[in-house]
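Colleague: Can you keep this structure in mind? I'll have questions shortly.
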Amino acid sequence: MLAKVKTAAVLGLDGHPVDVEVDISSGLPAMAIVGLPDTAVQEAKERVRAAIKNSGFTFPMKRIIVNLAPADLKKAGPSYDLPIALGILLSSEQVASDVSQMIILGELSLDGSLRHTNGILPMAALAREIGAATVIVPESDAREASLIEGTKILPFTSLAQLVNYLRGEIPAPQFTPPKVEYAPPTIPFTDLAHIKGQEHVKRALEVAAAGAHNLIMSGPPGSGKTLLARALPSILPPMMMEEAIEVTKIYSVSGLLPPDTPLMRGRPFRAPHYTISNAGLVGGGHFPKPGEISLSHRGVLFLDELPEFGHSLLEVLRQPLEDKVVTISRAQGQVTQYVPAF
């Protein structure tokens, strides 16, 4: 029997729909995952097998083929564990339910419980874009997913709880989106009002903050350049909801979103060391991830000791400064990320 479950992948900063197709047929017991999976997805075979058994269900001792479609889109991360496990249970007729209007996300532990998954926010936003009525997420990620309005979020703690819900044995878990409140900045900063003297520099910082300008400070060591730069976020205006969601999406994809802070309300302040690599500054990698430039979106990117940065690092900054976007090109495709703006 063929079963299909909808889930999502993150490419750059955006979610893309993925169909998990599971086919179980007669033959020697084996499980294969196809569709350009990375190592974390390939290892899902062992996590799914153990989770199904430890949740009280039967893992089929047959030939299992899992296809992650579209096949030309690379799949990375453990968020495919839950849709694969559910697809196997549907295909083996241990569960009979219509999941065509659900986006299912989550990493499985060996005991069947659900763990935190990175990139929940862009994947929940995708559900609204494609018209999916419900998003199934781990309970620890429900607050983050609820930032996307217009989508029903159902949080679960384990595979067994999800199956019992689909069988109609238990009601849907109750979840009330919390009231969004301002959170303190993720990086402590100095208040500009506490700095005495340097009136001309503080005036320049105010002009830069008001007009979203770049700023370079030059002076002898110990004159307060770094202190003043770290105080810049204190005079930036609070982020609007749309800006906060943009920043939260970047940190969610990067795995840097604090577990107790589903929404970033403080403007980011990033100060990379001059030994950083090109990919660390601009972004990149085999599966492109945001760099320091994107992580400072809607905030401040501080390059301390600018002359110490390599020539190639300064050159890669030119295109983002001119085009206001970061473009990462690879053989598999092209990804566009944000440049700091406020």
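The values are calculated or read from the model by the stated rules, or taken from the named source; none is laboratory data. Treat the numbers as computed from the prediction; the structure is a model and nothing was measured. Counting neighbours? That spans all protein chains shown, and the Cβs are built from the backbone with ideal geometry, glycine included. Protein only, heavy atoms only, side chains kept; ligands, DNA and RNA dropped before computing areas. Shrake-Rupley method; radii C 1.70, N 1.55, O 1.52, S 1.80 Å.
Colleague: For region 37-86, what does the relative contact order come out to in percent, with C-alpha contacts under 8 Å and a separation of six or more?
Modeller: Once divided by the residue count of region 37-86, the mean separation gives 63 percent.
Colleague: Let me ask something else. Gaussian network model of the chain, Cα springs within a sub-10 Å range: biggest mean-square fluctuation belongs to which of Gly106, Gly35, Gly77?
Modeller: Gly35
Colleague: Can you work out the Karplus-derived ³J(HN,Hα) for every residue in region 37-54? Use 6.51 cos²θ - 1.76 cosθ + 1.60 with θ = phi - 60°, whole Hz, and x for glycine or proline.
Modeller: My calculation for region 37-54 gives x, 8, 4, 4, 6, 4, 6, 4, 3, 6, 5, 5, 4, 5, 5, 5, 5, 6 Hz in order.
Colleague: Of all DSSP beta bridges located in the chain, what percent are antiparallel, nearest 5?
Modeller: Taking every DSSP beta bridge with both residues in the chain, the antiparallel ones total about 60 percent.
Colleague: Something else: Can you tell me the convex hull volume per residue for region 235-277, based on C-alpha atoms, in Å³ to the nearest whole number?
Modeller: That works out to 100 Å³ per residue.
Colleague: Give me the log10 of I(q) over I(0) for the chain at q = 0.08, 0.12 Å⁻¹, as the Debye formula computes it from C-alpha points; what are the numbers?
Modeller: With no solvent term, the Cα-only Debye profile gives -0.46, -0.87.
Colleague: Separate question: How big is the charge dipole of the chain about its Cα centre, in debye rounded to the nearest 20, if each Lys and Arg gets +1 on its Cβ and each Asp and Glu gets -1 on its Cβ? Could you put the intermediate results ahead of the total?
Modeller: Values: 30 positive and 34 negative charges, 31 e Å.
That gives the chain a dipole magnitude of about 140 debye.
Colleague: Taking a ≥ b ≥ c as the square roots of the Cα gyration tensor eigenvalues, with a/c under 1.5 meaning rounded and otherwise prolate when a/b beats b/c, else oblate, which class fits region 27-123?
Modeller: rounded
Colleague: Provide Thr58, Thr157, Thr134 ordered by accessible surface of protein heavy atoms (probe 1.4 Å), highest first.
Modeller: Details: Thr58 90, Thr157 60, Thr134 15 Å².
Largest accessible area first, the list is Thr58, Thr157, Thr134.
Colleague: Ok, one more. Could you please report the charge total around Ala209, scoring K, R as +1 and D, E as -1 over all other residues with beta-carbon less than 13 angstrom from its beta-carbon?
Modeller: After counting each charged neighbour, the total is +3.
Colleague: Now for a different question. State the answer as a single residue: which of Leu205, Val34, Leu162 lies farthest towards the positive end of the charge dipole of the chain, with beta carbon charges of +1 for Lys and Arg and -1 for Asp and Glu, about the Cα centre.
Modeller: Leu162
Colleague: So, one more: Over the chain, calculate the relative contact order: mean separation of alpha carbon pairs under 8 Å at least 6 apart, over the residue count, as a percent.
Modeller: The normalised contact order for the chain reaches 14 percent.
Colleague: Given the peptides 7-14, 21-28, 220-227, arrange them by the average over their residues of other C-beta atoms within 10 Å, most packed first. Display every interim value, and only then the final one.
Modeller: Values: 7-14: 22.9, 21-28: 14.2, 220-227: 12.2.
Going from most to least packed, we get 7-14, 21-28, 220-227.
Colleague: Of Lys62/Lys249; Lys75/Lys324; Lys74/Lys152; Lys4/Lys324; Lys152/Lys289; Lys202/Lys289, which sit over 31 Å apart, Cα to Cα? Could you put the intermediate results ahead of the total?
Modeller: Numbers: Lys62/Lys249 40 Å; Lys75/Lys324 28 Å; Lys74/Lys152 28 Å; Lys4/Lys324 40 Å; Lys152/Lys289 28 Å; Lys202/Lys289 35 Å.
Over 31 Å Cα-Cα: Lys62/Lys249; Lys4/Lys324; Lys202/Lys289.
Colleague: Report the residue, chosen from Val137, Val282, Val316, that carries the largest GNM mean-square fluctuation when the chain is represented by alpha-carbon nodes joined by springs under 10 Å.
Modeller: Fluctuation is largest for Val316.
Colleague: In terms of modelled amide H atoms, which long-range or inter-chain residues lie less than 5 Å from the amide H of Ala9?
Modeller: Here the answer is His16, Val18, since their amide H atoms fall under 5 Å of that of Ala9.
Colleague: Can you give the three extents of the C-alpha atoms in region 121-243 along their principal axes, from longest to shortest, in whole Å?
Modeller: Projected onto its principal axes, the Cα set of region 121-243 covers 70, 25, 22 Å.
Colleague: Something else now. How big is the convex hull of the Cα atoms of region 193-292, per residue, in Å³?
Modeller: Cα convex hull per residue, to the nearest whole number: 141 Å³.
Colleague: A further question follows. Over the chain, with the other protein chains present, what is the accessible area per residue in square angstrom, probe 1.4 angstrom?
Modeller: 48
Colleague: Among 163-170, 66-73, 297-304, how do they line up by average Cβ neighbours within 10 Å per residue, starting with the highest?
Modeller: On the way: 163-170: 14.8, 66-73: 16.2, 297-304: 20.9.
Those peptides, ordered most packed to least, come out 297-304, 66-73, 163-170.
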